[in-house]
Structure formats: structure tokens, C-alpha cells
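The values are calculated or read from the model by the stated rules, or taken from the named source; none is laboratory data. In this text the structure is predicted, and so the values were computed from the model without any measurement. Neighbour counts run over all protein chains shown; Cβ positions are idealised from the backbone, glycine included. Remember, those area values only see protein heavy atoms, side chains included, never the ligands or the DNA or RNA. Shrake-Rupley method; radii C 1.70, N 1.55, O 1.52, S 1.80 Å.
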Amino acid sequence: MRRVFCRILPICMAAALILTACSSKEITEPDFADTKVLHIGGWVAPPPGYINEKTYQEVAESGINAIYAIYEDADENAFQALELAEKYGIQYLVRDWSLSGIPEEDFDLLPARLEKFKDHPALLGHLAIDEPGPSKFPYLAKLKKAYQEILPDSLFYVNLFPTYSSLAQRNGKDYKTYIQEYLDVVKPEVLSFDHYPLKELSGETQVTEDYLYNLEIISKAAKKAGIPFWCFLQTMEFGLSNRSPDYEDIRWQAYTALAFGASGIQHFCYWTPESGTEHFGEAMIDRDGNKTPIYDYVSRLNHELLKFDHIL
């Protein structure tokens, strides 16, 4: 018994010394430089007729730091929006409706279209195309290369389909192949996609079954490619079954995306789109430029995230 005690005693004394050293050492909080900002995008910028001080101040106050042009072309409206975006510390994504339709033999016309935006500090980049099929990837790769020769510091922005897109939309490719082929061929700086999970069917609220699966595929693909990914959040009612969200719905989507490694969230939508062939409910701002309750939900969430985004 004495022999056992003699063996245990030195071990206990060593452990006590370690614990004493640890307890006497001052614990300091890690220091995170507040230099990185979460990308918070808004689909549908204030349209022509509403591009003014008030509307852009409201964009900034919502916590959105990047607004995406949809209804204004690359014209005087875009320049007016860029000036206001700069004033309120927002980045602006230009929509040049003819950009993705330029034939390869006419790429020499691109400088005249793009260089006028080159030195504007609020320019995020250009929205090249939304939800392309794989057949467009080789063309987009060439267009991206030509674009970056003119605007090397700007984003050639493309947004991709979700898992519930059809095989026809993906030209017969399965979803993983669709994503990987885009990364391999186009070689983007950021991987952006949309998936709108909030449903209401027969009076019952539901979430799409493949939402987390979609995030997993995108997260793994982006990590493998060594690039960030941005995820759209459903912040409005649209279509036949996508319901209007409350604050908890929007917050759940954001934190789920961040848990999968997203470095950007994008709200669909900021300004309410025009109803054409598809039904759209109210977004953060209605068609007449008035705030809706969703504006308050999104603003509350955005400012919550911006308190710790540099740590994330």
C-alpha cells in the first residue's frame, strides 16, 4: 500500500502544480480585428423613379451593404445609383441586360460598355446572368475572362439554381455535377445560389426537404474550390406556395446558412418585384416605396449579425 502511495503522490503533486499555474495565469479574450464585414445583399434595388436619397438611406439603415440592380440598365440610372450607394456606404451590382448576350466575336465592344464604371468606388461588379444551365458555362468562362481584363477588381456575378431545379434546366445534369462543372469551367470568385425553403401547402407551413442537403453540397463544393459562398434567403411571399416569412423564419435561414460556412447572405427581395407571369407578395419595400413589416424583420437580423461578423 505504501509503495502504491509513493507512486501516486508525485503524480498528484504534479497535477496540483499544473492546476495552480493555470489558475494563476490571466485569461485574456482573443482580439479580432474589426476589418471583415459579412456580405449582406439585397435583390432588386430601388428602381427608376425611386433612385433618390431617401430610398438609398433606407437601404443602408436596413443593414444591407450590397444592392443588386434589376430594373435599371447600365445607363444614367446606374450612375445615379452608384453615387447614392457610395454616399451611404453600399456596394452596387450593375445590371447590363445585354452583357450575357454579346457574341464572342463582339467582345471587342466590351471596353466601351464597361470602362465607364471602372473607377467607381461603389461598384461591386456586374450581374452577368441568373440561373444559367450548363450549356452556357463555356461561354460564361470566356465572357468572364474578357470582363476581368477590363474590370479586374470587380465581381462577375452569376447565381445558380437550387436542388429542386429540373433536369431540363440543368441540361440533364445531376445537381452535384451541375455545381462542380460550373466551378471547373467558369472558375468564379464566389459561389452564389438560391433555395427558397418556406412553404405553405393546404394551410400547413412546411420547409423543403432538401434545403440542408443543398447547403451541404454548396458548402463542400465551395470549400474544395477554395472560394466563399453566398446564400439567398426567402424574405417574401411569391409563387403559389412560398409563404411570407416572419422574423424567426428569416433568422433561421441566416443562421443555418452561416452554420454551413456561408460568408454572405442575400435577401430575396429588397424591393418588391413587378408582378408579371409570377405572383409576388410584398418584400421589404412595397412597389410604392413603403416599408413593410419584413423590412423591420430583416433590419433587426442584419444588425444582429453585423455585431459579430468580423469574428465569424
Surface/4 of the Cα convex hull for the stretch 107-166, nm² = 4.7
key: Principal-axis tilt of helix 76-87 within the chain, Cα atoms, nearest 10 degrees   = 30
request  = Express in % the proportion of alpha carbon pairs of the stretch 236-295 at distances exceeding 13 Å.
outcome  = 64
message = Quick check: Cα centre of the stretch 99-155 to Cα centre of the stretch 267-283, how many Å?
response = 26
task = Express in % the proportion of alpha carbon pairs of the stretch 146-260 at distances exceeding 21 Å.
result = 43
task = Could you order 32, 161 by accessible surface area, starting with the largest, using a probe radius of 1.4 Å?
result = 32, 161
query = Stokes-Einstein at 37 °C, 0.692 mPa s, Kirkwood radius from Cα pairs: D for the stretch 23-140 in µm² s⁻¹?
reply = 200
task = Would you mind getting me the FRET efficiency between residue 252 and residue 150? Use the beta-carbon distance for r and R0 = 51 Å, nearest 0.05.
result = 0.80
note = Placing each pseudo-label 7 Å from Cα in the direction of the beta carbon, residue 241 and residue 308 end up separated by a distance in nanometres of 3.5
query = Per the Debye formula with a single identical scatterer at each Cα and no solvent contribution, what log10 I(q)/I(0) holds for the stretch 193-312 at q = 0.10 Å⁻¹?
reply = -0.32
request  = Would you rank 271, 97, 252 by solvent-accessible area, highest first, keeping every protein chain in place and using a 1.4 Å probe?
outcome  = 97, 252, 271
request  = Roll a 1.4 angstrom probe over the protein heavy atoms and tell me the percent of accessible area of the chain that is carbon or sulfur.
outcome  = 54
inquiry  = Accessible area per residue for the chain in Å², computed with a 1.4 Å probe and the full protein assembly in place, what is it?
reply    = 51
query = D for the chain, whole µm²/s, Stokes-Einstein with Kirkwood Rh over alpha-carbon pairs at 20 °C and 1.002 mPa s: what number?
reply = 99
request  = For the stretch 169-225, just say rounded, prolate or oblate: build the C-alpha gyration tensor, square-root its eigenvalues into a ≥ b ≥ c, call rounded for a/c under 1.5, and beyond that prolate if a/b exceeds b/c, oblate if not.
outcome  = prolate
ask   = Ranked by accessible surface with a 1.4 Å probe, highest first, in what order do 36, 173, 291 come?
value = 36, 291, 173
query = Want the number for residue 171 to residue 76: 0.36 nm per residue separation, take away the alpha-carbon distance, what's left?
reply = 30.5 nm
note = Taking a ≥ b ≥ c as the square roots of the Cα gyration tensor eigenvalues, with a/c under 1.5 meaning rounded and otherwise prolate when a/b beats b/c or oblate if not, the stretch 86-207 comes out oblate
ask   = Once label points are set 7 Å from the Cα along Cα→Cβ at both residue 120 and residue 212, what is their separation, rounded to one decimal in nm?
value = 4.3
query = How many lysine pairs does the stretch 42-175 hold where the Cα atoms are under 30 Å apart and the two sit 8 or more places apart or on different chains?
reply = 20
remark   = Rounded to the nearest 500, the 222 nm mean residue ellipticity computed for the chain from DSSP H runs (n ≥ 4, each -39500 (n - 2.57)) alone is -12000 deg cm²/dmol
Listed residues 203, 179, 155: farthest to the positive end of the dipole of the chain (Cβ charges) = 179
task = Based on alpha-carbon positions alone, could you give the equivalent ellipsoid semi-axes of the stretch 216-258 from the gyration tensor, as √(5λ), descending, whole Å?
result = 26, 12, 7
